[in-house]
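Worksheet: the structure to be examined is printed underneath.
The values are calculated or read from the model by the stated rules, or taken from the named source; none is laboratory data. Keep in mind it's a predicted model, so treat the numbers as computed, not measured. Positions of Cβ are generated from backbone atoms using ideal geometry, with glycine treated the same way; all protein chains shown enter the neighbour counts. Quick note on the areas: whole protein, heavy atoms, side chains included, nothing else; ligands and nucleic acids left out. Shrake-Rupley method; radii C 1.70, N 1.55, O 1.52, S 1.80 Å.
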Amino acid sequence: MNGPESLEIRNLDRAVSIEEYSRLPRLPVTVILDRLRSSFNVGAVFRTCECARVERLITTGITCHPPDEKVVRTAMGTAEFVPHRHFQDTREAILFARECGLPVYALETTSHSESIYRVSFPRPVCLVFGNEALGLERDTLSLANRIVEIPLLGYKNSLNVSVAAGITLFEVLRQWGEVGEPPVLGVPM
């Protein structure tokens, strides 16, 4: 058995150049953030989206976005690697995703939600995450092809939006067979 002294910490940003990284294919996921209030949550979602190599991140309404200082600082250098844009209206962002041919899956706890672990996510897909306090509005939910949820066991029945985005994104990637084994560094994936 190997001890902790034999562990080698993998760090992709030291193993490949930015040029090599930029040539890696983006995974066909669009993430929409609907009216998030916390720039720290937005920055955390940028980090998660960079780690998942998503195709694009869309912010809407009051959601802070780069070059907002708190977003950029919390994103820890990842905002420059995540293609992103901002729409004033969430409806406009969802219609844009649908025009791109993306099925829209909204994450919200409702009487019609399906567990993310029981849904087969299509490839490509658009995932919509809502406001920390209010969730997604009914009008937004009506634009979704499906409404999904993370099964929760707690009394409050609510996760931080950046945590929910991470769980959902990596469940999608797991289903697609994109994650599971550690990457071989320096070799295109």
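The distance separating the Cα centre of the stretch 89-138 from that of the stretch 15-43 comes to 17 Å.
Rolling a 1.4 angstrom probe over the protein heavy atoms, how many square angstrom per residue are accessible across the stretch 95-180? Intermediate values should be presented prior to the final figure.
On the way: 4700 Å² over 86 residues.
For the stretch 95-180, the solvent-accessible area averages 55 Å² per residue.
Could you calculate, for the stretch 30-139, the ratio of the Cα radius of gyration to the Kirkwood radius, expressed as Rg to Rh?
Numbers: Rg = 13.5 Å, Rh = 14.2 Å.
Here the Rg-to-Rh quotient is 0.95.
You can think of it this way: the chain between Leu95 and Ile167 has 23.4 nm of extra reach, that is 0.36 nm per residue less the Cα-Cα gap. Using a Gaussian network model of the chain whose springs link C-alpha atoms within less than 10 Å, name the residue from Val29, Val163, Val125 with the highest mean-square fluctuation. Highest fluctuation among the options: Val163.
When restricted to Cα atoms, the stretch 88-185 yields an Rg and a Dmax of 14.0, 44 Å, respectively.
State the three equivalent ellipsoid semi-axes of the stretch 14-85, derived from the C-alpha gyration tensor as the square roots of 5 times its eigenvalues, in descending order and whole Å. The partial results should precede the final answer.
Details: eigenvalues 92, 37, 14 Å².
Rounded to whole Å, the semi-axes are 21, 14, 8.
Across the chain, the convex hull enclosing all Cα atoms gives 153 Å³ per residue.
With r as the distance between the Cβ atoms of Ser142 and Ser120 and R0 = 30 Å, compute the FRET efficiency 1/(1 + (r/R0)^6) and round to 0.05. Each step should come with its number before you reach the end.
Details: r = 22 Å, r/R0 = 0.75.
Approximately 0.85, to the nearest 0.05.
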